[in-house]
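The values are calculated or read from the model by the stated rules, or taken from the named source; none is laboratory data. Everything numeric here is computed off the predicted structure, so don't read it as measured data. In this analysis, Cβ positions are derived from the backbone assuming ideal geometry, glycine residues included, and neighbour counts consider all displayed protein chains.
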């Protein structure tokens with residue numbers, strides 16, 4: 001599994017879910033709960049107080065794109081320390097685990113099979 005590819009794409013999907021949600025706070029809370037992370041653990045990782053996390057999740061503060069990115073990166077970082085348990089499950093659910101060739105026409109010149117298979 002190409003970890004960077006999977007983690008980056010899961011992060012993008014989570015970000016899309018949060019940004020396009022009608023209730024951003026509920027979406028942030030949902031993802032924190034999916035990752036099994038407490039508010040206090042997330043706050044420590046973010047370097048903020050727990051009340052800041054609570055305020056965002058209750059829509060008392062409006063998160064900008066920078067905060068949403070940090071929030072998601074913190075969840076992914078915590079999951080990395082836990083062996084990517086949630087990321088692995090999400091990768092299965094999202095039906096990808098590594099980059100793949102969609103069409104052989106992606107290659108301009110002929111390529112030997114040994115060059116493609118890792």
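Counting only residues that are touching a residue at least 60 places away in the same chain (Cβ under 8 Å) and within 16 Å of residue 67 (Cβ to Cβ), which one in segment 4-20 is surrounded by the most Cβ atoms within 10 Å (Cβ to Cβ)? Break it down into steps so the answer makes sense when it comes.
Here is the first cut: in segment 4-20, the residues touching a residue at least 60 places away in the same chain (Cβ under 8 Å) are 5-7, 9-11, 13-14.
Cutting the leftovers down to within 16 Å of residue 67 (Cβ to Cβ) gives us 11, 14.
Working: 11: 16, 14: 22.
The extreme case among them is 14.
Looking only at residues that are part of a helix (DSSP H, G or I) and crowded, with 17+ Cβ neighbours inside 10 Å in segment 21-38, which one is nearest to the chain's Cα centre (by Cα)?
Restricting attention to segment 21-38, the residues satisfying the condition of being part of a helix (DSSP H, G or I) are 24-34.
In the following step, the residues that additionally are crowded, with 17+ Cβ neighbours inside 10 Å were identified as 24-25, 27-29, 31-32.
Working: 24: 15, 25: 16, 27: 13, 28: 12, 29: 14, 31: 9, 32: 11 Å.
The residue in question is 31.
Does segment 75-90 contain any residue that is farther than 20 Å from residue 23 by Cα, in a loop (DSSP other than H, G, I, E, B) and at pLDDT below 95? Even if it seems obvious, please write down each step before you answer.
Here is the first cut: in segment 75-90, the ones farther than 20 Å from residue 23 by Cα are 76-90.
Subset that is in a loop (DSSP other than H, G, I, E, B): 82-84.
Those left that are additionally at pLDDT below 95: 83-84.
There is at least one residue in segment 75-90 that is farther than 20 Å from residue 23 by Cα, in a loop (DSSP other than H, G, I, E, B) and at pLDDT below 95.
Exactly one of these conditions fails for residue 59: (1) buried (at least 16 other Cβ atoms within 10 Å of the Cβ); (2) part of a loop (DSSP other than H, G, I, E, B); (3) modelled with pLDDT of 95 or more. Give me its number.
So the condition that residue 59 fails would be (1).
Search segment 94-118 for residues being closer than 26 Å to residue 10 by Cα and surrounded by 10 or more Cβ atoms within 10 Å (Cβ to Cβ), and hand back the single one that is modelled with the lowest pLDDT.
Residues of segment 94-118 that are closer than 26 Å to residue 10 by Cα, as a first pass: 94-104, 106, 116-118.
Subsequent filtering for residues that are surrounded by 10 or more Cβ atoms within 10 Å (Cβ to Cβ) retains 94, 96-99, 101, 116.
Numbers: 94: 78, 96: 60, 97: 49, 98: 46, 99: 51, 101: 49, 116: 60.
Within segment 94-118, the match that is modelled with the lowest pLDDT is 98.
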